[in-house]
Every structure is written in structure tokens, then in C-alpha cells.
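Worksheet: the structure to be examined is printed underneath.
The values are calculated or read from the model by the stated rules, or taken from the named source; none is laboratory data. Note that the structure is a prediction, hence the values are computed from the model and not measured. For neighbour counting, all protein chains shown are included, and Cβ atoms are generated from backbone atoms with ideal geometry for every residue, glycine included. Please note that ligands, DNA and RNA were not included when accessible areas were found on the heavy atoms of the full protein model with its side chains. Shrake-Rupley method; radii C 1.70, N 1.55, O 1.52, S 1.80 Å.
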Amino acid sequence: MRRLGNVVILIILAGAISPPIFSQSPAQGIKNVFWQPNDLQQGSVAFITVDLERVPRRVTGKWIGKDLAFFKSDNPKIWYALAGADLETPPGTYDLAVTAVMAGGRVIHSVKKVDIGAANFRSGAVDVPENFVEPDAASKKQIAADEMLKNRAFAHFIVAPQWSGDFVTPIKAKPTDSFGMTRVFNEELTSTHRGTDFPVSEGAPVVVSNSGTVILARELFYEGNCVIVDHGQRFFTIYMHLSKLEVKAGNKLGKGERLGLSGQTGRVTGPHLHMGVRWNGAYLDPTKLLGLTLPSLGPEKRRAATHAR
């Protein structure tokens, strides 16, 4: 009996000092969380996939201090989110936290570590008219009014994703390596370039990169003739310096429909198209978005995403 007692005590002690095991087994409910591309850096767009053991009611998440909005795929056990790391995100490792609410009300969690590497952003000098560096009183008034318009536009929220499939290049031109570039205007003003420039002659057709809703289409001080398109779930594309606008706020566009013509309005050194990508307040590299392979989302999938919220 004494030996049996000693064995029982040893078993209890072994259990007390053994470290807990956090399993990624199906019993936990979330089978896997992964993203493309595999290697992320400052300014990267990330397409995140959550693979669950059972069908959830909804899936939410948090990453780099921002909320993730997931939507259901063809398979109700697989959910997606289109997100990204802002160009000013410090390189390091960040928690990607996913929460799923199951049909019975049970809540399950998963946390994965995501590495964000340092991007190699360039720098250079740019010469522009002096009023774009030291604006006069009238220009300052317009800049302030423009800022209010842009803030209102980026506050717009569509619950379901409007995009479907890959994002396409908005103009027939090759992009420059200009995203994240530190530019010094007239040797006076330092600014970070939050988009990608496509050098092209004035008057070339500019199309929307994916389906969405126009939420701003007007002339702004720095941006010139500018169009902002909402693709749903706080994901926007921005098109600047157009010579002509062919859409207006409220227009619903399909992928590849015309927005206007390229130009050199606003603060520019010559004709080109500036394309920007913004998600949840973060500015992302348009070339990274254009390089992603994304699933096609029909009307049924968009309605399903709306009902899942």
C-alpha cells in the first residue's frame, strides 16, 4: 500500500509540474490560420485564411492594433480577410488573434505570430511650384476643406466585400518603385509617398482596379482630380492627378470600368497616375495588391458576408 501511495504521489507531482500543452488539433476548433504572401514586410497586403473544424456564426480578428473583418468562402468552414501592414509599421513580430463564435455560442480563439520585415524604401529630391510647399492663405483654406472631405470619405463603411478576384492594373503603364519613398520638395519639405506612380502621357484611360462604390470624385489641392473607391470592409483604392473625371460619388463600378483620364493636376512634376491603397487607416503598397491571387466573389458570397456580421 505504501508503494502504491508513493506511485500516486509521483503521478500527481508529475502532472503538477508538466507544462500545459496548447494544441492546434481539430478539438480546438480552428484547424489553421495562414496568409499570402508568406513573407510580409512594411506596406504588404495580406490575404488571411481561417480554416475551421465546424461552421461558425462569425469570425473576427485583431492584428497590429486593427480589427479584421472576415467573410465566408464557398466552404462555410473557411473564412477570408483582406488586410495589410502599414508602411510605417515597425519591423517585428505581431500577434494575429482570431476569434470564432460557433453555432452553439461557444467562443474559440487562435493566436499566430506574424513577422513583418523591413522594406527598402528609397529617397529623392523633387521640384514643384512653391505654392505646393508654402501654400498661401487661400490654398491653406482649401487644404483644410479637402482634409475634411477625405476623412469623411474614409469613414464610409460597407459591411460586405465589393471586390471579386484579382485587382487589375488601373492603366497601361509599368509602376515605378516609388511606394514609401521619402521625397524632399524644393529642398524644404520632407514627405512620405504613400502610393505608387505609373508614368504615362496625359489622356490615357484610367480604370478601377476592382469592383466597388465611388465615394469621392473631385478636384483636391494636392491630389488634383481624385477618385476614391470603397471595396468594402474599409478597403479603398485611390486614383490621383487625373486630367478628366468620368464618375461621381455614389457610382457603383465593375472591375475595369473607366474612372477618367490620366493627367498632371495637383502637386506633380509631370503626367502620371498615382494609385493608393488604404485599409483601415493603413497605407499599403499597390504593387503588392496587384500581385495577389484572390478568389472570385459572386453576389451570393457578398450577401453571405453581409448576413454573417
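The angle separating the long axis of helix 137-154 from the principal Cα axis of greatest extent in the chain is about 40 degrees.
Relative contact order of the range 80-194, taken over Cα pairs closer than 8 Å and 6 or more residues apart, is 27 percent. Taking every protein chain into account, the accessible area of the range 97-238 amounts to 46 square angstrom per residue (probe 1.4 Å).
Net charge in the neighbourhood of ASP115 (other residues with Cβ under 14 Å of its Cβ; Lys, Arg +1, Asp, Glu -1) is 0.
What's the local net charge at GLU53, with K and R +1, D and E -1, over the other residues with C-beta under 12 Å away? List each step's numbers first, then the result.
Numbers: positive: LYS31, ARG54, LYS77, ARG106; negative: ASP51.
Within the 12 Å Cβ shell, the charges total +3.
Karplus-derived 3J(HN,Hα) values for the range 267-274, using 6.51 cos²θ - 1.76 cosθ + 1.60 with θ = phi - 60°, are 7, 9, 10, x, x, 5, 10, 9 Hz; glycine and proline are entered as x.
Scanning residues 5 or more positions from ARG58 or on other chains, those with amide H under 5 Å from its amide H are VAL101, with H placed 1.01 Å from N in the peptide plane. Stretching GLU134 away from LYS31 to a fully extended chain increases their span by 31.5 nm, per 0.36 nm per residue minus the current alpha-carbon distance. When a 1.4 Å probe is rolled over the protein heavy atoms, the share of accessible surface on the chain that falls to carbon and sulfur comes to 53 percent. Label sites at LYS62 and ARG122, each approximated as a point 7 angstrom past Cα along Cα to Cβ, lie 3.9 nm apart. Under the simplified labelling scheme, the ARG258-ALA144 pair shows an inter-label distance of 3.9 nm, with each label point 7 Å from Cα along Cα→Cβ. In the structure shown, the pairs LYS66/LYS141; LYS72/LYS252; LYS66/LYS244 are assessed against 26 Å; a Cα-Cα span above that value is assigned to LYS66/LYS141; LYS66/LYS244.
Quickly estimate the mean residue ellipticity at 222 nm for the chain, helices only: each DSSP H run with n ≥ 4 gives -39500 (n - 2.57), and the total goes over all residues, rounded to 500.
Working: 4 runs with 49 residues, N = 309.
So the calculated ellipticity at 222 nm is -5000 deg cm²/dmol.
Amide H contacts of GLY43: ALA85, ASP86, LEU87, THR89, each under 5 Å away and 5 or more positions distant or on a separate chain (H built 1.01 Å from N in the peptide plane; Pro and chain starts excluded).
I need to check one value: relative contact order of the chain, counting alpha carbon pairs closer than 8 Å and at least 6 residues apart, in percent. Show your work: numbers first, answer last.
Numbers: 731 pairs, mean separation 53.8, N = 309.
Result for the chain is 17 percent.
Largest to smallest in accessible area, the residues THR265, THR293, THR213 fall in the order THR293, THR265, THR213 (1.4 Å probe, all protein chains included). The heavy atoms of VAL107 present about 70 square angstrom of accessible area, all protein chains included, probe 1.4 Å.
By accessible area of protein heavy atoms, probe 1.4 Å, what ranking do LYS31, LYS172 get, highest first? Each step should come with its number before you reach the end.
Details: LYS31 95, LYS172 200 Å².
I get LYS172, LYS31, largest accessible area first.
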